[in-house]
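Undergrad: Got a structure for you, questions after.
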Amino acid sequence: MTDSAPAIAGAEGFAALGLHDSLVQAVAVSGYTEPTPVQSAAIPKAIAGTDLMVSSATGSGKTAAFLLPSLHRLVTRDVRAVAGAGPSILVLTPTRELSLQVTRACETYGRSLRWLRTASVVGGVPYGAQLRAVRAPLDVLIATPGRLLDLLNGGRLSLSRVEVLVLDEADRMLDMGFIEDIEAIAAATPKTRQTLLFSATLDGTVAKLAANLMNEPQRVELESSRERQDHITQRLHWADGRSHKDRLLDRLLADPTIDQAIVFTATQRDAERVAEQLEADGHAVAALHGGMPQSIRTRTLTSLRQGRLRVLVATDVAARGIDVPTISHVINYGLPIAAEDYVHRIGRTGRAGRTGIAVTLAEHAEIRKIRTIERFTDQRIPVAVIEGLEPTQRAASPARPGPQRHGRPGGSRFEGRREGGSGPARKTGTR
């Protein structure tokens, strides 16, 4: 199941939520019988038709939490859709990769609904096929806001039939500057629609957006993006500079226990450079970033899922929504812009009930960024060294992460006072 926690035996699980038998069977065929907490809390409320604001952590099963009740609505409605073109269910996502992932999940859950018509509208793809898809009546449309608004403003798309509007990763879409696009898209849908908003946090700008778009929404808050990820082993390696960081990365990737790894970089240029360097060193590797044509990005992700790639070097936006259970390691070659993105990055490993390892390579000048991450997660990142690649610089003992406010704190961006450096390091092997 896309973006979900491990299943527990018990065939009555999803049926007890009130879902149609065809959907319960499709979920069971996928190997899942018991809903996750966010699914148990959100699905019955969504089936009842209420607007929902849902806060859930990465890997909690949110995709099924909004797709299953939306498909249930289509299966069980008394009359067929209102005549005309355009979708009945509209799902907005922040990135192309997440849009395609949700599309695959929709096709999986609706596998027995032979009449189900699903389409994806994203940037970086030729308009032709997308235009043909949206001209006909659609059941489900999954889209990124920019391309969808282009079609809407050009008179190529009607949203007059939308019954359910889903905002997936609403906080991320707002961070990417899509608030005006989202408001314009919502204004083109019927006021009688149901709105389901999923976000890592429900405070600040997300709450303001909800107030403008939703009708007496119920809140479902089960898990925080700062929830301790005890199934992921984290460690920090200090580096003296880029060349030292490159040597650390090469040694880390020599670990035979790595099934697949994502190496995160801060820029597209670094993603290209690191991937080229690793390829020259003999690794099965590819880069993935927002500056690539969609066809190349899709081919790269397919290679990753099929196991033809062992290492993916990616930027944050490009890797958003990647759900590949065999990713055993995440390596932060470049630190993220926002501390919250660290949580999303390491959440790419340890999925579907597995354990994972997250390694961060940081230069000593980045110590304030590391401390901000630790304060945001309320966790210390243990410092380790690789024998023969010890840093030559030394910093002072670290301060323990202080208490955090709930929701997105003002310190979720890299800011704060100057603090000390790393404490005593322990030696490790390449694992």
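The values are calculated or read from the model by the stated rules, or taken from the named source; none is laboratory data. The structure presented is a predicted model; accordingly, all values stated were derived computationally and were not measured. Heads up, the Cβs are rebuilt from the backbone with ideal geometry, glycines too, and the neighbour counts pull from every protein chain shown.
Undergrad: For segment 16-58, which positions are in a loop (DSSP other than H, G, I, E, B), under 19 Å from the mean Cα position of the chain (by Cα) and surrounded by 24 or more Cβ atoms within 10 Å (Cβ to Cβ)?
TA: The answer is THR36, SER56.
Undergrad: Quickly run through segment 341-379 and pick out the residues that are closer than 18 Å to ALA239 by Cα, hydrophobic (A, V, I, L, M, F, W, C) and touching a residue at least 40 places away in the same chain (Cβ under 8 Å).
TA: ALA358, VAL359, LEU361, ALA362, ILE367, ILE370
Undergrad: Has segment 99-110 got at least one residue that is touching a residue at least 12 places away in the same chain (Cβ under 8 Å) and in contact with a Lys or Arg (Cβ under 6 Å, 6 or more places away or on another chain)?
TA: Looking for residues that are touching a residue at least 12 places away in the same chain (Cβ under 8 Å) and in contact with a Lys or Arg (Cβ under 6 Å, 6 or more places away or on another chain), one finds none in segment 99-110, hence no.
Undergrad: Residue under question is ASP250, and the condition is that it be in contact with an Asp or Glu (Cβ under 9 Å, 6 or more places away or on another chain) and either modelled with pLDDT of 90 or more or under 30 Å from ILE179 (Cα atoms) (or both); does it hold?
TA: Against the criterion (in contact with an Asp or Glu (Cβ under 9 Å, 6 or more places away or on another chain) and either modelled with pLDDT of 90 or more or under 30 Å from ILE179 (Cα atoms) (or both)), ASP250 qualifies.
Undergrad: Tell me yes or no: at least one residue of segment 126-143 is buried (at least 16 other Cβ atoms within 10 Å of the Cβ), closer than 30 Å to GLY13 by Cβ and of a type in the set (S, T, N, Q).
TA: Within segment 126-143, not a single residue is buried (at least 16 other Cβ atoms within 10 Å of the Cβ), closer than 30 Å to GLY13 by Cβ and of a type in the set (S, T, N, Q).
Undergrad: Return yes or no: is GLU169 crowded, with 23+ Cβ neighbours inside 10 Å and either within 28 Å of LEU202 (Cα to Cα) or out of contact with any helix residue (DSSP H, G or I) (no Cβ under 7 Å at 6 or more places or on another chain) (or both)?
TA: So GLU169 fits the description; yes.
Undergrad: How about segment 215-329: which strands (runs of 3 or more DSSP E) wholly inside it have at least 2 residues that are among the hydrophobic types (A, V, I, L, M, F, W, C) and more than 19 Å from the chain's Cα centre (by Cα)?
TA: Result: 232-239, 285-288.
Undergrad: Which of the residues spanning segment 154-172 are within 24 Å of GLY128 (Cβ to Cβ) and in contact with a strand residue (DSSP E or B) (Cβ under 9 Å, 6 or more places away or on another chain)?
TA: Within segment 154-172, LEU157, SER158, LEU159, SER160, ARG161, VAL162 meet the criteria.
Undergrad: Now, a different point. Could you please find all residues in segment 330-355 being in a strand (DSSP E or B) and either of a type in the set (Lys, Arg) or at pLDDT below 90 (or both)?
TA: Passing the criteria: only ALA338.
Undergrad: Sticking with this structure for a sec: Determine which single condition GLU163 fails, assuming it passes every other condition in (1) buried (at least 20 other Cβ atoms within 10 Å of the Cβ); (2) over 20 Å from ALA184 (Cα atoms).
TA: (2)
Undergrad: Let me confirm something: among ALA261, ALA314, ALA280, ALA271, which residue is assigned by TED's automatic domain parsing to the domain that holds GLY356, surrounded by fewer than 22 Cβ atoms within 10 Å (Cβ to Cβ) and either farther than 30 Å from TYR127 by Cβ or in contact (Cβ under 8 Å) with a residue 40 or more places away in the chain (or both)?
TA: Unique residue meeting the criteria: ALA280.
Undergrad: Then there is this: Failed condition for ASP255, given (1) surrounded by 20 or more Cβ atoms within 10 Å (Cβ to Cβ); (2) in contact (Cβ under 8 Å) with a residue 60 or more places away in the chain, with all others met?
TA: (1)
The rows are residues; the columns are (1) among the hydrophobic types (A, V, I, L, M, F, W, C); (2) assigned by TED's automatic domain parsing to the domain that holds ALA286; (3) under 30 Å from MET173 (Cα atoms).
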position	(1), (2), (3)
ALA188	yes, no, yes
THR195	no, no, yes
GLU216	no, no, yes
LEU248	yes, yes, no
ALA254	yes, yes, no
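Undergrad: In segment 345-360, what count of residues is obtained for those that are closer than 20 Å to PRO256 by Cβ and of a type in the set (A, V, I, L, M)?
TA: So the answer is 3.
Undergrad: Right, next: Could you tell me which of the residues THR302, THR326, THR298 is assigned by TED's automatic domain parsing to the domain that holds THR355 and in contact with a helix residue (DSSP H, G or I) (Cβ under 8 Å, 6 or more places away or on another chain)?
TA: Of THR302, THR326, THR298, the one residue that is assigned by TED's automatic domain parsing to the domain that holds THR355 and in contact with a helix residue (DSSP H, G or I) (Cβ under 8 Å, 6 or more places away or on another chain) is THR298.
Undergrad: With a cut-off of at least 1 residues that are at pLDDT 95 or above, under 24 Å from VAL317 (Cα atoms) and small (Gly, Ala, Ser), name the helices (runs of 4 or more DSSP H) lying wholly within segment 77-192.
TA: Counting at least 1 such residues, we get 179-187.
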